[in-house]
Amino acid sequence: MTVRIGAEEEFHVLDVESGRLVPRADTLLGRLGGSGFSRELQQSAVESNSRVHDTLDTFFADLSATRRRLDAAASSFGLAVVAAGTVPLARVTSRDVTADPRFRRMADDYRRVADEQLICSAQIHVDVPDRDTAVRAMCLVSPWLPPLLALSASSPYWLGSDTGYASWRTMLWQRWPTAGPAGCYGSAAEYDAAMAELIDSGVITDTGMLYHDVRPSDHQRTLELRVCDACPRTETVALVAGLFRALVRDARDRLEQGADHRCDGHHEWLRAATWRAARSGLEGGLVDPETRRGAPAPVVLRGMLHRLRPALEASGDFDTVRTLLEEALAAGSAAHRLRRAARDEDLLAGVDMLVAETRGDPLVPGSRRRAPRPAGPRGVGRAPACVHSATTPGTPG
């Protein structure tokens, strides 16, 4: 049984010389044209939508081609794009909200929270047979989302300063009234009734503002992962997508087998686990979902891989995901790599590293020049099959 995947990726728009965030998304979108790209709340970000894919190979190729297309369009205007939770150099203003009635209303309602929405995420969609399955699966997959956040952590800097966190985007994002763990519901009807209450309260205006870590899509038959930072390396997106697909497949199997999945109602540990992942990334401890106790990130993630092996093998993903995971653990989080570049040179060198990784090129150590992309080995170890093919991006998935 094929369980398809797709992604929405958000990208910061930067001035290539200064490395600073700039409100020029419309310039970039005008050059790109066609479908597959859209505006965001802030004029300094654009979103891409992938096709729907059966395999991680074609998924990776689609995202890689989209990034090359974005890079080519941006460079023609002296701009660059970066996939990361935050970028190191930015300013907060109330003047850069996208000229859209819905976005303007959000800016008026949420004020500073909206002004500081200078963040980007990677969102993964996985097929589900129906909305009831999507809602019931949320309870089973939620404990395993903090390790996925740790893999994606790429936002240690905020407005020029090191926050001490691996994912400061998470801290900013959690200020929205519906952000955080999704909770557990017995059916789609129960979930929809609870979400309708939120809208009726006037705190949010529509289902598009349901910002939980995972949610059933409002317009597709998918379960959507929303907890992750945008990821500089496309390999990280593929790794997260492979693991999330396995989580959803595993949850579906457990539900079909009638496994006891009753929630104990205690989500305090889950919110704490999310904070721990945002604080430490891959470089510290995580909360093990099996024991709810602290453990080193590699131990938690390798345990997750072992637990999900049957689901990964069912999708043909196990070897690729295992390779990508070991590479990710060896290379460290993007937050760690960014701090290292800033420490060895300066913040601009860190920005260059993010631009280079987003495009798919390595950075030449010790300078702001960028090296051509190698044809063979990439990062730590040899790249898996999914990094060697390419397609042209198409309609949203």
Checklist line | DSSP H segments from the chain that extend 20 Å or more along their own axis, Cα-based, with Kyte-Doolittle mean of -0.5 or above | finding: 56-75, 234-256
Item checked: Label-to-label distance, nm, for residues given as Leu198 and Asp26 (7 Å Cα→Cβ offset) -> 3.1 nm
Margin query: Taking the full set of protein chains and a 1.4 angstrom probe, give the accessible area of Tyr157 in square angstrom, rounded to the nearest 10.
Written below: 20 Å²
Next item on the list: Please list Thr2, Thr55 in order of solvent-accessible area, largest first, computed with a 1.4 Å probe with all protein chains present.
Entry: Thr2, Thr55
Check: For the charge dipole of segment 184-274, defined by +1 on Lys and Arg C-beta atoms and -1 on Asp and Glu C-beta atoms about the Cα centroid, which residue among Val203, Ala193, Leu247 has the Cα displaced farthest towards the positive pole?
Finding: Leu247
Note to self: Can you tell me, using C-alpha contacts under 8 Å and at least 6 residues apart, the relative contact order of the chain as a whole percent?
What the structure shows: 23 percent
Check: Over all Cα pairs of segment 1-50, how is the pair count split among 10 Å bins, expressed in % and running from 0 up to the last occupied bin?
Finding: 24, 46, 19, 8, 2
Next item on the list: For segment 134-293, state what percent of all Cα-Cα pairs lands in each successive 5 Å bin, counting from 0 Å until the bin that includes the largest distance.
Entry: 1, 9, 17, 21, 21, 16, 10, 4, 1, 0, 0
Check: Using heavy-atom solvent-accessible surface (probe 1.4 Å) with all chains present, what is the largest-first order of Tyr211, Tyr165?
Finding: Tyr165, Tyr211
Margin query: Charges at C-beta only: +1 for Lys and Arg, -1 for Asp and Glu. How large is the resulting dipole of the chain about its Cα centre, in Debye rounded to 20?
Written below: 900 debye
Note to self: Within 10 Å of each candidate Cβ there may be at most 16 other Cβ atoms; applying that plus a DSSP loop requirement, which GluC sites (Glu not before Pro) in segment 279-331 survive?
What the structure shows: Glu283, Glu290
Next item on the list: Can you pull the one-decimal nm distance between simple spin-label points at Ala99 and Asp130, each 7 Å off the Cα toward Cβ?
Entry: 4.7 nm
Checklist line | Fraction in percent of alpha-carbon pairs per bin - 20 Å, the chain | finding: 29, 62, 9
Check: Which sequence of Leu28, Leu329 reflects their accessible areas, 1.4 Å probe, from the largest down?
Finding: Leu329, Leu28
Margin query: Once you place label points 7 Å from the Cα toward the Cβ at Arg271 and Glu256, how far apart are they in nm?
Written below: 3.6 nm
Checklist line | Overall Cα dimensions of segment 27-179 - principal axes, largest extent first, Å | finding: 42, 34, 34
Margin query: Can you pull out the GluC sites (Glu not before Pro) in segment 1-80 whose DSSP state is coil and whose Cβ has at most 14 other Cβ atoms within 10 Å?
Written below: Glu17
Next item on the list: May I ask what percent, to the nearest 5, of DSSP beta bridges between residues of the chain are antiparallel?
Entry: 95 percent
Next item on the list: Could you work out the Rg to Rh ratio of segment 123-220, with Rh taken as the Kirkwood radius (inverse of the mean 1/r over all Cα pairs)?
Entry: 1.01
Checklist line | Cβ-placed point charges (K, R +1; D, E -1), dipole of segment 184-251 about Cα centre in debye, nearest 20 | finding: 380 debye
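The values are calculated or read from the model by the stated rules, or taken from the named source; none is laboratory data. From a predicted model like this one, the values you see are computed outputs, not experimental measurements. Reconstructed Cβ throughout: ideal geometry from the backbone, glycine too, with neighbour counts over all protein chains shown. These accessible areas exclude ligands, DNA and RNA; they are computed on the full protein's heavy atoms, side chains included. Shrake-Rupley method; radii C 1.70, N 1.55, O 1.52, S 1.80 Å.
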